[in-house]
């Protein structure tokens, strides 16, 4: 799914958001939940929402599929830079759940391709050899699918889910930042910020949901309106 701002004449470089749906989810579902395409177009930003390949609509984060998702994402950004005037210096990648994991993997594996990465309802460690990159991890501490405190994934071949706090500390470690400051920015929202730029946004009572987005199944928990994940993504451009 590609969203292009109205009135774009194709002669000016535009920022780009790459949004990745979760396991088994479609581009349309992520668009409805996050409202990334509508809000990106209103802000004069390109947005592309590919979905995972195969019947499972999953991302190849640890050799779990035979698809070259890293090659695909790199080629996708390059193609949009060539055909839609996407600015290759202003690309943010984001995703929820399995898509958030894939966003983190891509941010590590494709140095220079993305300005920043924002993960939602996902905790992922930086891969060996990962370069420095701005990361914001948004995670509810009552997430019933990707537990905030970490644990086994439950799917064959998938790595264990790291605790959210430990994962963001590992990303901050890429920048040599061992200490963080905690700030309560709203009721139920705590932001842990490392001076190098890595952030963990903890949603007290939040579920496996998109903060500031549309409500989803009650089985996935609470969707807070006290924090706007999509606004955070757009601000990073």
Inset, instruction - For residue 170 and residue 26, calculate 0.36 nm times their separation in residues minus their Cα-Cα distance, and state this gained length in nm to one decimal. - result: 48.8 nm
Inset, instruction - Calculate the spin-label point distance for residue 160 paired with residue 127, positioning each point 7 Å from the Cα along the beta-carbon direction, and give it in nanometres. - result: 2.1
Legend entry - Cα-based shape type of the stretch 117-237, given that a ≥ b ≥ c are square roots of the gyration tensor eigenvalues and the cut on a/c is 1.5: oblate
Inset, instruction - Obtain the nm distance between the two label points defined at residue 218 and residue 8 by a simple spin-label model: each point lies 7 Å from its Cα along the Cα-to-C-beta direction. - result: 4.0
Inset, instruction - May I ask you to order 217-224, 25-32, 5-12 by the average number of other C-beta atoms within 10 Å around their residues, highest value first? - result: 25-32, 217-224, 5-12
Inset, instruction - Per DSSP H run of at least 4 residues, take -39500 (n - 2.57); add these up for the chain, divide by its residues and hand me the 222 nm value, nearest 500 deg cm²/dmol. - result: -7500 deg cm²/dmol
Legend entry - Degrees separating the helix 98-109 axis from the principal Cα axis of the chain, which is the longest one: 70
Legend entry - Ratio Rg/Rh [Cα only; Rh per Kirkwood] for the stretch 2-235: 0.94
Inset, instruction - Compute the separation of the alpha-carbon centres of the stretch 135-160 and the stretch 161-228 and state it in Å as a whole number. - result: 12
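Only the coordinates and a few stated rules stand behind these numbers; no lab work does. What you see is a predicted model; the values in this text were computed from it and never measured. All Cβ positions, even for glycine, are placed from backbone atoms using ideal geometry, and neighbour counts span all protein chains on display.
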